[in-house]
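Please see the structure below; I have some questions.
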Amino acid sequence: MTNNPRNVAAEKLDKNFQAAPAPQLADLDWHCPKDPPFHLAGFAWFDTDRIYRRMPVTPPQPLPPAVDQLANATAGGQIRFRTDSTKVGLRVQLAGPASMAHMPATGQCGFDCYLGEPGAQRYYFTTKWDHKQAGYEFLICDVPAGPTYTVTLNFPLYQGVESVEIGLDRGAKVLPPPAYDSDRPVVVYGTSITQGGCASRPGMCYTNILSRRINRPFVNLGFSGNGKGEPQVARTISTIAEPGLFVLDYDANCPSLEHVQRTLPTFIDILRDAHPATPMLVISRIPVATHAWHPEGERERVARRDFFRDTVTALRDGGDANVQFLDGGDLLGDDWQECTVDSVHPNDLGFWNMARSMTPVIRKILAGA
């Protein structure tokens with residue numbers, strides 16, 4: 001196979017497709033981002049557990065095993081800081097190498113980098129490495145000397161991170177990032193779609209896109225294939241201190257309408273008991289492309305959407321003005337059939353459209369909170 005003259009080895013023909021350029025990290029000082037002035041976002045229990053994990057090590061009651069394992073994936077995690085360093089390097093040790101069949105390794109296991117102030121962040125680069133390896137070093141930012149600037153590094157979406165170090169010029173300033181408009185986080189519970197499957201890089205997960213548009217911490221609690229609305233998961237989520245908004249986006253992992261009917265009211269009640277006035281946004285699932293040929297699947301999606309909507313309407317009629325419904329069928333826009341990798345999981349266009357549709361809704365809710 002390797003000697004086939006028709007085999008196109010693009011990495012040998014175009015250096016931009018090589019696994020990683022030669023590292024230029026010898027003259028950098030290395031910093032641990034777990035301590036100030038670096039700021040970590042997206043890990044709601046970090047102050048207690050001191051590891052990059054999305055659920056507590058010791059939850060109030062045992063989590064479903066799959067949720068417990070998926071919590072080690074670092075989706076939605078961010079490192080934020082200001083610096084005048086001309087270079088930003090990363091030294092990363094993952095829990096394992098890239099392994100997914102239809103999601104880019106850069107989304108599963110990579111970091112990406114944004115530069116700029118809140119509301120004006122611009123993408124800069126994504127880590128490159130040999131995807132068979134579970135550790136790598138990479139120069140992710142190389143800019144001219146100048147004033148201080150804000151760096152946001154997005155963690156991998158579908159792998160655990162054992163350690164990460166930040167390399168900066170020797171003697172470079174390291175300062176706290178700009179303050180959030182509010183420290184009360186937007187907590188998003190859901191499925192593989194919430195977790196970021198199948199974004200090409202971490203910054204294209206919809207919660208990360210939203211974090212660039214809405215200057216708040218976001219906590220991504222998407223659990224691939226396992227956002228099933230279990231009460232023990234709701235009780236764990238309810239221990240997050242002072243949430244600014246709960247977003248429930250777990251419809252796509254529910255096996256049936258009956259499952260939705262059984263879990264949704266209980267899940268909402270558990271969160272409400274702990275946080276009586278916290279705004280809540282309930283979202284039904286996005287469209288599925290193959291349903292155009294399988295109408296029974298679309299009928300099921302619509303029935304579940306109607307139950308989500310009717311549940312929220314009943315709660316509002318009962319006096320809970322802080323819960324709202326959003327029809328996921330509208331999130332992808334008119335070009336929705338072009339928005340997935342496999343008919344279900346969004347590509348970058350899908351995530352962009354989801355975030356674009358959700359931004360004004362979430363802004364309005366937070367403004368009225």
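The values are calculated or read from the model by the stated rules, or taken from the named source; none is laboratory data. Keep in mind that what you see is a predicted model, and the values were worked out from it rather than measured. We place every Cβ from the backbone using ideal geometry, glycine too, and count neighbours over all the protein chains shown. Accessible surface areas use protein heavy atoms only, side chains included; no ligands, DNA or RNA. Shrake-Rupley method; radii C 1.70, N 1.55, O 1.52, S 1.80 Å.
Tell me, what does the Kirkwood hydrodynamic radius of the chain come to in angstroms if you use every pair of distinct C-alpha atoms?
Kirkwood hydrodynamic radius for the chain: 21.3 Å.
So how strong a dipole does the chain carry about its Cα centre when Lys and Arg Cβ are +1 and Asp and Glu Cβ are -1, to the nearest 20 debye?
Computed about the Cα centre, the dipole is about 400 debye.
Separate question: I'd like the FRET efficiency for Ala321 and Arg6, computed as 1/(1 + (r/R0)^6) with the beta carbon distance as r and R0 of 45 Å, rounded to 0.05.
0.10
Leaving out ligands, DNA and RNA, what percent of the accessible area of region 56-202 is carbon and sulfur, probe 1.4 Å?
Here carbon and sulfur together make up 52 percent of the probe-accessible area.
Could you give the distance between the Cα centres of region 22-65 and region 210-276, to the whole Å?
22 Å
Could you tell me the ratio Rg/Rh of region 244-369? Both radii from Cα atoms, Rh via Kirkwood. Walk me through the intermediate numbers first.
Details: Rg = 14.9 Å, Rh = 15.3 Å.
So for region 244-369, dividing Rg by the Kirkwood Rh gives 0.98.
Provide Rg and Dmax in Å for region 1-150, with only Cα atoms included in the calculation.
Rg, Dmax (Cα atoms, Å): 18.3, 60.
Turning to a different aspect of this structure: Per-residue counts of other Cβ atoms within 10 Å, averaged by peptide: what ranking do you get for 207-220, 124-137, highest first?
Details: 207-220: 23.4, 124-137: 17.3.
Listed from highest to lowest mean packing, they are 207-220, 124-137.
Something else about it: Under a Cβ-only charge scheme (Lys and Arg +1, Asp and Glu -1), can you give me the dipole magnitude of region 36-120 about the Cα centre, in debye to the nearest 20?
So the dipole magnitude of region 36-120 works out to roughly 140 debye.
Which three extents, in angstrom, do the Cα atoms of region 255-313 have along their principal axes, listed largest first?
43, 20, 17
So with the 1.4 Å probe, I'd like the accessible area per residue for the chain, rounded to whole Å². Each step should come with its number before you reach the end.
On the way: 16150 Å² over 369 residues.
Per residue, the chain has 44 Å² of solvent-accessible surface.
Give, as ranges by residue number, the residues of region 138-163 whose backbone N falls under 16 Å from the point 7 Å along Cα→Cβ of Leu175.
The answer is 145-152, whose backbone nitrogens lie closer than 16 Å to the label point.
Write out the GluC sites (Glu not before Pro) in region 269-350 meeting two conditions: DSSP loop, and at most 11 other Cβ atoms within 10 Å of their Cβ.
Sites meeting the loop and neighbour criteria: none at all.
Can you give the charge dipole size of region 161-268 about its Cα centre, rounded to the nearest 20 debye, using +1 on the beta carbon of Lys and Arg and -1 on the beta carbon of Asp and Glu?
The dipole of region 161-268 has a size of about 200 debye.
Sticking with this structure for a sec: Just want the answer: with Cβ charges of +1 for Lys and Arg and -1 for Asp and Glu, which residue in Ile209, Ile193, Asn220 is farthest toward the dipole's positive end in region 171-253?
It is Ile209.
Something else now. With point charges of +1 on the Cβ of Lys and Arg and -1 on the Cβ of Asp and Glu, referenced to the Cα centre of the chain, which listed residue (Val323, Pro156, Met55) lies farthest in the positive direction of the dipole?
The one lying farthest along the dipole's positive direction is Pro156.
Now, a different point. Report, ordered by chain and residue number, the aspartates and glutamates lying within cross-link reach of Lys12, taken as a straight Cα distance under 20 Å and ignoring same-chain residues fewer than 8 apart.
Asp130
On to the next question. For the ranges 308-320, 344-356, 225-237, 46-58, what's the packing order if you count other beta-carbon atoms within 10 Å of each residue, average per peptide, and put the highest first?
The peptides rank, most packed first, as 344-356, 225-237, 46-58, 308-320.
Among all the aspartates and glutamates, which ones have a C-alpha under 19 Å from Lys173's C-alpha, if same-chain residues fewer than 8 places away are not counted?
Candidates past the 8-residue exclusion: Asp27, Asp29, Asp35, Asp84, Glu117, Asp142, Glu165.
Tell me which of Leu264, Thr278, Pro97 sits at the most positive position along the dipole axis of the chain, charges placed on C-beta atoms (Lys, Arg +1; Asp, Glu -1).
Highest projection toward the positive end goes to Pro97.
If you don't mind, another one. Applying 1/(1 + (r/R0)^6) with R0 = 30 Å to the Cβ-Cβ distance of Gln261 and Asp342, what FRET efficiency is obtained, to the nearest 0.05?
0.65
State, in angstrom, two size descriptors of region 76-189 derived from its alpha carbons: Rg to one decimal place and Dmax to the nearest whole number.
For region 76-189, the Cα-based Rg and Dmax read 14.7, 43 Å.
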